[in-house]
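Contents: one structure, followed by commentary.
The values are calculated or read from the model by the stated rules, or taken from the named source; none is laboratory data. These figures come from a predicted structure and were not determined experimentally. Cβ coordinates were reconstructed from backbone atoms using ideal geometry, including for glycine residues, and neighbour counts include every protein chain displayed. The accessibility values were calculated without ligands, DNA or RNA, using every heavy atom of the protein model including side chains. Shrake-Rupley method; radii C 1.70, N 1.55, O 1.52, S 1.80 Å.
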Amino acid sequence: MGERGTRPVRTYALLAWTWIRAAAQYPVSLALLAVATAVVSFLDAAAILVLFSRAPRIAGFTAPEVLFLYATSALSFTVSDLLLGTTEQLGERVRLGTLDAVLVRPVSPLIQIATENFSARRLGKLIPATAVLAFALPRLDVPWTPGRVAMIPLMAASGTAIFAGLWVLTAAVQFVLVDSHGATKSLTYGGAFVTQYPMTVFARDFVRGVTFVVPLAFVNWQPALYVLDRPDPLGLPAAARFASPAIAAVLCAAAAVAWRAGIRHYRSTGS
């Protein structure tokens with residue numbers, strides 16, 4: 001990757017560090033917020049354990065298997081939220097006219113919006129995800145082949161990219177549908193919730209929708225079927241277990257096209 005390719009990464013890091021330094025002026029407050037964020041995030045995992053206190057399995061899956069799904073989903077979503085979550089506020093910027101100021105600066109509008117109010121306290125969400133994953137992995141009743149070991153970081157990276165593509169796509173929609181913030185959350189935050197549980201919990205038509213329309217099943221479900229040595233309830237071929245990187249690439253490419261189209265057709269407030 002040449003200098004031109006690394007420039008957006010350096011710019012993002014510089015702007016994010018600027019916000020972190022500003023927040024670090026109040027270290028006690030920052031630490032308390034990070035701890036509170038971690039505790040609240042742990043409640044989701046606790047809710048899963050409460051369910052298993054009433055039943056040995058959920059939709060045919062054991063507690064370690066469901067915790068594995070929860071942790072991989074939470075890890076991917078948290079990283080994508082940390083990097084691009086603030087793009088969900090684009091509609092408000094369009095409505096208030098503050099996007100105009102962003103567009104005249106010599107920095108990518110996406111980078112500016114993504115790093116706005118960047119807070120290290122959101123790193124607190126990574127603690128429950130990594131802790132639960134560390135707890136669940138050694139308790140999975142599967143032979144740990146090199147392929148299964150390699151699948152864990154691959155599914156985390158692919159899942160993060162899929163959620164990142166959804167953040168940008170739903171933000172791009174707000175160029176046209178300014179007040180669609182609430183609806184777009186169903187794809188981002190709603191998607192995070194759906195991928196925390198086995199897809200066998202949901203109706204078959206719903207599973208088809210999150211496989212072929214909005215590819216949430218490729219965040220962790222399809223690769224998890226390979227790791228857990230489980231059959232696909234939709235009967236998809238075995239190759240689907242390894243399709244997450246390709247799905248992530250296509251979704252991110254579509255998000256990039258949608259974002260550029262939105263920027264190109266934006267005509268300022270009231271247009």
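Odds and ends about this structure:
- Nitroxide proxy distance, nm - points 7 Å out along Cα→Cβ at residue 183 and residue 40: 2.7 nm
- Net length available on complete extension from residue 234 to residue 150 is 27.8 nm, with 0.36 nm assigned per residue and the Cα-Cα distance removed.
- Of the DSSP H helices in the chain, those with a Cα length along their own long axis of 27 Å or more and a mean Kyte-Doolittle hydropathy reaching -0.5 comprise 3-23, 27-52, 63-84, 146-173, 244-265.
- Cα shape, region 129-190, gyration tensor, a/c 1.5 rule: prolate
- Once the Cβ-Cβ distance of residue 55 and residue 193 is raised to the sixth power relative to R0 = 30 Å, the FRET efficiency obtained is 0.95.
- Label-point separation, residue 10 to residue 108 (7 Å along Cα→Cβ), nm: 1.4 nm
- Shape call, region 113-228: gyration tensor on alpha carbons, a/c limit 1.5: oblate
- Computed over region 195-271, the range of Cα coordinates on each principal axis works out to 52, 24, 19 Å, biggest value leading.
- Rolling a 1.4 angstrom probe over the chain with all protein chains present gives an accessible area of which 68% lies on carbon and sulfur atoms.
- Expected 222 nm ellipticity per residue - DSSP helices of 4 or more, -39500 (n - 2.57), all of the chain, to 500: -21000 deg cm²/dmol
- Seen through its C-alpha gyration tensor, with square-root eigenvalues sorted a ≥ b ≥ c, the chain comes out prolate because a/c lies at 1.5 or above while a/b is bigger than b/c.
- The chain, accessible area per residue, ligands and nucleic acids excluded (1.4 Å, Å²): 50 Å²
- Normalised by the number of residues in region 2-265, the mean separation of alpha-carbon contacts (under 8 Å, six or more apart) gives a relative contact order of 27 percent.
- Highest mean packing comes first when the peptides 235-245, 83-93 are listed by Cβ atoms within 10 Å, giving 83-93, 235-245.
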